[in-house]
1. Determine the dipole magnitude for segment 83-227: charges of +1 sit on the beta-carbon of Lys and Arg, -1 on that of Asp and Glu, nothing else is charged, the reference point is the Cα centre, and the result goes in debye to the nearest 20.
2. Once the Cα gyration tensor of segment 561-675 is found, what semi-axes does its equivalent ellipsoid get, as square roots of 5 times the eigenvalues, in whole Å, sorted largest first?
3. Fewest Cβ neighbours within 10 Å first, please rank S370, S417, S199 accordingly.
4. Given a Förster distance of 35 angstrom, what is the FRET efficiency for A476 paired with H176, based on the Cβ-Cβ distance and rounded to 0.05?
5. Non-local amide H neighbours of L664 (under 5 Å, H modeled in plane, Pro and chain starts lacking H): which ones?
6. In which sequence would S498, S301, S612 go, from the one with the fewest C-beta neighbours within 10 Å to the one with the most?
7. Residue by residue, what Karplus-based ³J(HN,Hα) values in Hz, rounded to whole numbers, does segment 129-138 have, using 6.51, -1.76 and 1.60 with θ = phi - 60° and x for Gly and Pro?
8. Tell me, T64, T101 in order of fewest to most beta-carbon neighbours within 10 Å?
Amino acid sequence: MDTTPPRWLRRTASTSAPGLAFGADYNPEQWPRATWDEDVAAMRAAGVTIVSVGIFAWARLQPTADTWTFEWLDDVMDLLHANGIAVDLATATASPPPWLTAAHPEILPVTVRGETMWPGGRQHWRPTSPVFRRYALALVAAIANRYAGHPALAAWHVSNELGCHNVYDYSDDAAHAFRGWLRQRYHRLDRLNDAWGTSFWSQRYSDWAEILPPRLAAAHPNPTQQLDFKRFSSDALKEHLRAERDLLRTITPDVPITTNFMVMGETNAMDYADWAGEVDFVANDHYLEPGPGGLSELLFSANLTGMLAQGRPWFLMEHATGAVNWRPVNVPKRDGELLRDALAHVAHGADAVCFFQWRQSAAGAEKYHSAMLPHAGLDSDLFRRVVDLGATLRALAPVAGARRRPAEVAILFDWVSWWASEQDSHPTSLLRYRSEALDWYRALQRAGVRADVVPSSTPLDGYPVVVAPILHVVPAALTDRLARYVASGGHLVTTYFSGIVDENDHIIPGGYPGGLRALLGLRVDEFGPLPDGATVALDNGTEGSLWTDRIDGLADDTGILARYTTGEYAGRAAITRRPVGRGSATYVSTRLGPDGLRPVLDITLAAADVHSGLPAAARGRVEHTVRQAGDEEFWFLVNLTDEPVDIDGIDGAMLVPPHGPAVLAPRGVAVIQRAADHSGHGKPDPVRPVSRQASG
Ligand code: GAL
């Protein structure tokens with residue numbers, strides 16, 4: 001394994017000692033030259049080690065098609081370097097300048113309704129436009145050649161949040177590229193016709209040229225056409241990423257390349273499991289959802305990002321010190337949340353903690369978005385909290401480079417199932433794939449059991465328990481893999497609307513859950529989705545919502561864990577479990593929510609001999625993660641509550657808070673350095689008597 005720290009992890013440009021990187025997007029082009037000196041002085045005061053520069057600077061770098069003005073950026077790069085601050089340099093292609101869209105309006109994206117997305121905002125470019133690609137690559141080449149040898153250059157930042165505003169483009173360029181993509185997938189038109197089920201509603205194609213993106217239609221567009229368009233749209237942006245990356249690699253083969261993902265909330269158009277292998281290191285942006293579920297959502301996203309990075313350190317490219325500007329109501333962070341949220345990402349493997357943005361804008365659409373240096377200036381509570389965070393991250397330098405220690409439970413996360421399960425013309429439009437996955441994550445948190453949120457292609461052998469919520473699309477290879485997993489002693493739990501269709505979104509016939517019917521040992525004859533707000537009772541004391549199933553056929557060896565006691569299916573099975581050798585396959589036919597999932601989770605965890613590694617008082621009140629480097633490991637305990645939590649009983653040296661007490665503050669995070677437990681993949685973490693030493 002290569003143990004050299006990546007460039008962005010060097011504590012300063014002049015040292016190779018690793019530490020956690022700290023910084024922000026830096027947009028000096030919004031400010032006069034004199035402000036830059038104030039900026040770098042304040043960055044030094046805060047302990048900033050790296051900034052992302054040039055993200056929206058295309059118009060300033062290339063003011064006309066034939067003019068280049070790099071001098072100001074030279075100055076910025078030199079200034080940052082002179083102050084020991086490294087640069088994650090953007091390729092600046094995120095937002096095309098007015099001269100380009102005026103000369104080439106054909107690069108502008110088109111909505112599903114055929115409306116043009118005009119300039120005036122940002123990211124107004126078609127992912128498949130050859131014209132845009134040509135201009136973008138010319139810019140990339142110019143920047144890369146100019147700064148190839150610059151000592152501040154630590155990483156390349158391709159574009160910005162690819163797909164944030166322009167992922168679904170229905171233009172003629174998109175139509176052309178979609179056809180090309182389909183030809184590669186199906187080779188022959190009859191195969192496409194079969195896959196898309198075009199005998200339905202007289203949709204049979206006789207020529208590739210007849211095929212269009214799923215533009216606004218008179219009735220539900222063909223579901224497989226929609227699903228393929230989602231696959232294609234993710235691929236089209238991935239192609240753009242690759243084009244910039246490949247060019248950068250020819251010019252600066254030694255500079256690592258990334259692009260900032262958006263593993264957060266309901267953003268789902270980019271299949272990041274498929275993208276993760278395209279970058280030299282994974283970077284993510286995350287914005288806390290206000291309200292009680294926000295922290296769990298953050299932790300879930302950070303967890304998945306860490307698994308996309310395959311346990312290696314990743315880069316938190318953006319989050320917020322306070323309020324954002326793009327929700328209906330933008331509330332600031334509450335006391336303690338700035339530090340907590342930053343460390344919650346570190347807990348899941350982030351080795352860089354960066355914000356949008358360094359200095360809060362005075363003009364433009366984001367002037368009410370928080371930043372590290374707010375409108376109020378240096379003498380502000382927010383800036384003091386930023387400085388504190390910088391100091392905390394310095395104390396956590398030993399964590400840099402430590403890998404995430406795998407958990408014993410995996411939650412399978414599958415982008416194609418996410419897309420397909422939420423398409424239109426389904427039994428219910430209320431189903432939310434990610435909400436069900438989050439419920440399981442929260443249920444495991446409440447049990448005090450660590451879980452990994454893993455892409456569905458992840459090898460499962462190391463996990464005694466695998467939860468696969470709404471695993472809707474099950475190609476034969478996935479079905480086989482799950483069957484082998486259970487046959488070799490694994491405990492699989494899955495839910496309603498799983499196993500239903502193949503990769504073409506065709507029903508797997510013979511009764512639901514199609515591809516998983518044999519493994520689960522049951523047959524569902526009819527779905528019974530519930531109206532919004534309706535619930536049904538189960539005889540294990542829990543309550544279901546959203547969905548029920550009419551389970552008709554149960555295999556001889558399938559047991560019933562709970563039955564419905566109310567509703568149309570009262571008396572019928574609601575949760576089943578089929579033992580298979582030392583393993584088992586469990587099915588949950590309704591939405592139970594985090595608390596309702598506990599009984600079935602407890603049965604599964606007990607069967608798999610998986611236990612919480614936490615002292616009883618902390619279980620369910622903290623998120624527990626472990627990062628490991630050689631003979632040392634770091635326990636992160638993130639307080640999930642607004643109350644103090646007793647964490648007494650955990651052996652080790654407290655890194656954060658220094659000389660910390662045995663009680664975790666409300667919204668607090670503790671980081672404890674301990675001797676590594678080498679007892680194997682995710683074995684229960686032994687709780688040892690307390691002996692807390694102060695760390696130096
Ligand atoms: C991100 C974007 C940043 C900034 C930020 C505000 O989507 O990458 O440039 O707009 O949101 O929250």
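1. 180
2. They are 38, 18, 9 Å, listed largest first.
3. Numbers: S370 22, S417 25, S199 10.
Fewest-to-most Cβ neighbours within 10 Å comes out as S199, S370, S417.
4. Efficiency, from the Cβ-Cβ distance: 0.60.
5. V645, D646, I647
6. S612, S498, S301
7. Here the 3J(HN,Hα) series is 6, x, 5, 4, 4, 4, 5, 5, 5, 5 Hz.
8. Fewest to most other Cβ atoms nearby, the residues stand as T64, T101.
Read-outs throughout are calculated quantities, based only on the coordinates presented, and are distinct from any laboratory measurement. Just so it is clear, the model here is predicted, and its values are computed rather than measured. Quick reminder, even Gly has a Cβ in these numbers, built from the backbone with ideal geometry, and neighbours come from all protein chains shown.
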